[in-house]
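The values are calculated or read from the model by the stated rules, or taken from the named source; none is laboratory data. Just so it is clear, the model here is predicted, and its values are computed rather than measured. All Cβ positions, glycine included, derive from the backbone under ideal geometry; neighbour counts span all protein chains shown.
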Amino acid sequence: MSKLWGGRFTKETNKLVEQYTASISFDQQLASEDITGSLAHVAMLGKCGILTPSEVNTITEGLHAVQQKMTNGNANFKIEDEDIHMNIERMLIEEIGPVGGKLHTGRSRNDQVATDMHLYLRRHVVHFVQLLSDLQRALVQQAEQNMDTILPGYTHLQRAQPILFSHHLLAYVAMLQRDIERLMDSYKRINTMPLGAGALAGTTFPIDRHYTASLLHFDHLYENSIDAVSDRDFIVEFLADASLIMLHLSRLSEELVLWSSTEFSFIELDDAFCTGSSIMPQKKNPDVPELVRGKTGRVYGHLMGLLTLLKSLPLAYNKDMQEDKEGMFDTVQTLQGALQLFAPMIATMKVNKTNMMKAVREDYSNATDIADYLVNKGLPFRAAHEVIGKIVLYCIENKKYLLDLTLEEYKQFNVLFEKDIFVALQPENVVNARDMHGGTAKKRVSQAIEQVKLCIEKSDTWVKEHTIT
């Protein structure tokens, strides 16, 4: 069969050119969206009197037949037909005859593929909001179960100040909330319809773009036909959002890897999310967080690749833009795999409260509280800071910790010390002393958990409202 666009040409396409330029190997992932867009397009053509009711019915039934073949795995994709759009059109014509060629009236592959990608990302963005909410739920569940668990907080990967483990987990919940909000905001631009822009200038047929948009549940139309077919900002934005999500998952992955090591032994990941060694039988490897950490660079690469692709393209459509899809598909797959694994992995994680508390008691992370203690007794902070520095040095030289010192030893450094210093230095009191909005005090963390639950409920509602069946 000759090319559907072959009337202009006197030679067959070189086979190497066909192989090099064809996108059917990957854009067949848009098959469902392409059928959905075509069904709305043909309905609009009928409403506007461009096609007869009989033609609309025949084409609609043919599209459903093609869709059923694809669902059953019986679709015959051909590389000669280049992409998913031409393959579906060819299969439609095989199914219902020449009338199938009327489906393409009033549109171009340029606005058709852009519409497909908007539909594709719209569906997945809603799903990702749900997956992020599920991960937030798992983190909140662990936070609630560990409201009395204290571990060292770190700066520079050095023990800094005691914090609630729940407070630490809620930091990731906050990151994920920003990710959710970014995806929700991007939905406004994703849910904008380019269909009807044609190749770049629109069409001479009396189409009704608003009607098509209503059938496809688009909230907005592209106002400029050139912009409609050349815009890939919405994909760049998604890749940027996905990169930030992976960044946050990678940071959490790094901590899970560290915490599950023998050197930390703060947590243990469930066996279902770990693997063993082919030579060392004792090993239990945190492969899931390690691989998520590694795949983060893959997603970054897709973002940089698309930005580089677009940076010098003249308006409107160029064949270069075919390269916008594989990175998008791979990012969707990579992000989906990571998020689907992370929620159950966090939910089943065992927390070693004893080792966390041991780490807090065998360090100097409560040193700041001694300084605050002296400040409350009238000593300037800088002077108190110097006193505590000397105390810590004394402890290191004598292989002691701050709670091991006697009152007499404290008084050697400053006469303001009294017995209540030992109360102030208890890890529970150190934590609860941070009783301010956003602090690690148990009361504040409990309040934060309740606020997070409200955010999760709002996300769930948003997902229900934006799920299109």
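Counted as qualifying within segment 404-468 are the helices (runs of 4 or more DSSP H) with 1 or more residues that are in contact (Cβ under 8 Å) with a residue 60 or more places away in the chain and not assigned by TED's automatic domain parsing to the domain that holds Gln136, namely 427-432, 442-466.
Of all residues in segment 381-403, those being on the phi < 0 side of the Ramachandran plot and either among the small types (Gly, Ala, Ser) or not in a helix (DSSP H, G or I) (or both) number 6.
Take the conditions buried (at least 21 other Cβ atoms within 10 Å of the Cβ) and either touching a residue at least 12 places away in the same chain (Cβ under 8 Å) or within 19 Å of the chain's Cα centre (by Cα) (or both) and apply them to Leu239. Does it pass? When the stated conditions are applied, Leu239 passes them. The set of residues in segment 160-178 being part of a helix (DSSP H, G or I), touching a helix residue (DSSP H, G or I) at 6+ places or on another chain (Cβ under 6 Å) and of a type in the set (A, V, I, L, M, F, W, C) consists of Leu169, Leu170, Val173, Met175, Leu176.
Residue-wise test of (1) surrounded by fewer than 20 Cβ atoms within 10 Å (Cβ to Cβ); (2) within 22 Å of Lys319 (Cα to Cα); (3) of a type in the set (A, V, I, L, M).
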{"site": "Gly7", "(1), (2), (3)": "yes, yes, no"}
{"site": "Glu12", "(1), (2), (3)": "yes, yes, no"}
{"site": "Asp34", "(1), (2), (3)": "no, yes, no"}
{"site": "Ala43", "(1), (2), (3)": "yes, no, yes"}
{"site": "Lys47", "(1), (2), (3)": "yes, no, no"}
{"site": "Asn74", "(1), (2), (3)": "yes, no, no"}
{"site": "Asp81", "(1), (2), (3)": "no, yes, no"}
{"site": "Ile84", "(1), (2), (3)": "no, yes, yes"}
{"site": "Pro98", "(1), (2), (3)": "yes, no, no"}
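The residue list Val125, Val113, Val140 contains one member that is β-branched (Val, Ile, Thr), assigned to a helix (DSSP H, G or I) and touching a Leu at 6+ places or on another chain (Cβ under 7 Å), which is Val125.
Here is a yes/no grid of residues against (1) of a type outside the set (Phe, Trp, Tyr); (2) modelled with pLDDT of 95 or more:
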| position | (1), (2) |
| --- | --- |
| Asp83 | yes, no |
| Met86 | yes, no |
| Leu92 | yes, yes |
| Gly100 | yes, yes |
| Gly106 | yes, yes |
| Asp116 | yes, yes |
| Leu119 | yes, yes |
| Arg122 | yes, yes |
| Phe128 | no, yes |
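Any idea which residue in segment 153-170 is nearest to Val129 (Cα to Cα), counting only those that are free of Cβ contacts under 8 Å to residues at least 40 places away in the same chain and buried (at least 16 other Cβ atoms within 10 Å of the Cβ)? The qualifying residue nearest to Val129 (Cα to Cα) is Leu169. Of everything listed in (1) at pLDDT below 95; (2) within 30 Å of Glu326 (Cβ to Cβ), the single unmet condition for Met175 is (1). Quick one: is Arg90 buried (at least 18 other Cβ atoms within 10 Å of the Cβ) and not in a helix (DSSP H, G or I)? So Arg90 does not fit the description; no.
Determine, yes or no, whether Ala272 is aliphatic (A, V, I, L, M) and farther than 19 Å from Asp179 by Cβ. It is true that Ala272 is aliphatic (A, V, I, L, M) and farther than 19 Å from Asp179 by Cβ.
Within segment 66-91, residues that are without any contact (Cβ under 8 Å) to a residue 24 or more places away in the chain sit with their Cβ atoms under 6 Å from residues that are small (Gly, Ala, Ser), at 6+ positions apart or across chains, in these pairs: Lys69/Ala75.
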